[in-house]
Amino acid sequence: MVKEANAGPDGPPRALVVEDSAQQRRRLVEIVAKALSGFEVSEAENVSTAIESARRLQPDVVTLDLGLPDGSGLEVLRAIREGGAPARVIVVTGESDARYRRASLEAGADEFLDKADLALLPALLAEPAED
Ligand code: CA
C-alpha cells in the first residue's frame, strides 16, 4: 500500500462515521464523540467519499452504514482492508439480515450492529472485544 503523505500515526486518534442519512449521521457523530473522547471525528455520506476519507485519515475506528447512495458499505470495508489499515470497523446498519451480518464479517468487519440496537454502540466503541 502507498500511504498518503499526510497519513500517519501522528496527531489525535481518528474516527470516521459513514452514514448517508444526515439525521442519523449527526446522532452517530454525537455517540462516537462522546464514547471516544479525544478522537477527531470525521463524516462521510457515500462510498466514494468514505473510501477517500479512510485513505486520507487512516482512522482508528469506523462506523459503517451498508446502504449508501452510490453503493454498499462493504465496498468501503474492502477498500479499508485492502489498504491494510488496522481500523476497527463497526457496521451499523438497518439491514440486519443474517446475510448482511455474514457478508460484513467476511469482508473484515469487527462488529455488526443493527440500527435498532444503537444503544449498544457506546459500549462497543469503548470496550473493544478481545475475541
Ligand atoms: Ca443508509
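Readers should treat all values here as calculations from the given coordinates under stated rules, not as data from a laboratory. The model shown is predicted, which means the values in this text are computed figures rather than measured ones. Using ideal geometry, Cβ is built from the backbone for each residue, glycine included, and neighbour counts are taken over all protein chains shown.
A few comments on the model shown:
- Lys, Arg +1 and Asp, Glu -1 on Cβ, resulting dipole of segment 39-114 about Cα centre, debye, nearest 20: 280 debye
- Under-5 Å amide H pairs with LEU36, H placed in peptide plane, nonlocal only: none
- Each 5 Å bin from zero up to the one holding the largest Cα-Cα distance in the chain carries the following percent of pairs: 2, 11, 23, 26, 22, 11, 3, 1.
- Mean separation of Cα contacts under 8 Å, 6 or more apart, over the residue count of the chain: relative contact order %: 23 percent
- Length available on full extension from GLU52 to LEU105: 0.36 nm per residue minus the Cα-Cα distance, which gives 16.9 nm.
- Distant-in-sequence amide H partners of VAL41 (H built 1.01 Å from N, under 5 Å): ALA15
- Assigned charges on the beta-carbon of Lys, Arg, Asp, Glu; the chain dipole about Cα centre (debye): 120 debye
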